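Laboratory data are not the source of any read-out in this text; all were calculated from the coordinates shown. Quick caveat, the model's predicted, so the values are computed rather than measured.
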Amino acid sequence: MNRTSNAHRSSRLRTAGGLAGVLMLAACAATPPAPTASLQAAQLAISNAERTDASRYASGELSEARSKLASADSAVKEQRMLLAERFADESRAEAELASAKTAEVKARAVNDEMTRSTDTLVEEMQRSSSSGDKP
C-alpha cells in the first residue's frame, strides 16, 4: 500500500507542477493594458500641431501622425497593445516633427522680414548721409 500511496503522491505532484506551468504561461500570454498615456500624448501632440497651423506648413507629417494614431486605435481594438503603443509613439513623434517644422518655417519668415527691414534702414541711412554731404 505504501508503494501505491507514493505513486499516487508522485502523480499529484506532476499534475500540480504541470498546472503551475500552464498558469505561468497563461499569465505571460495575458494581454497588456491599453497604452492610454501614449494614445493621449499622440492626440495632444496632433492637437498642438493643428493649433500651430502645421496643416499649412507640414501637412505630410501631420497626415502621417493622424494615420499612425488611427493605426494605434485599430491595434487596440484588435488587442495588439504593444503594436498600438508603437504606433501611438510614432504618431506623437510625427506630430511633434510637424510642429517643429512649422515653427522653423515661421521663424525663417520672421528672420527674412527682419533682414529686409534692416536692409531698408541701411539704404535709408546711406541716402540720408549722402544727401547731407551735398551743400
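Below, the figures for the structure above:
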read-out	value
Ratio Rg/Rh, restricted to region 35-133 and using Cα atoms, in which Rh is the Kirkwood radius	1.42
Debye log10 I(q)/I(0) for region 82-135, one point scatterer per Cα, at q = 0.15, 0.17, 0.26 Å⁻¹	-0.64, -0.70, -0.92
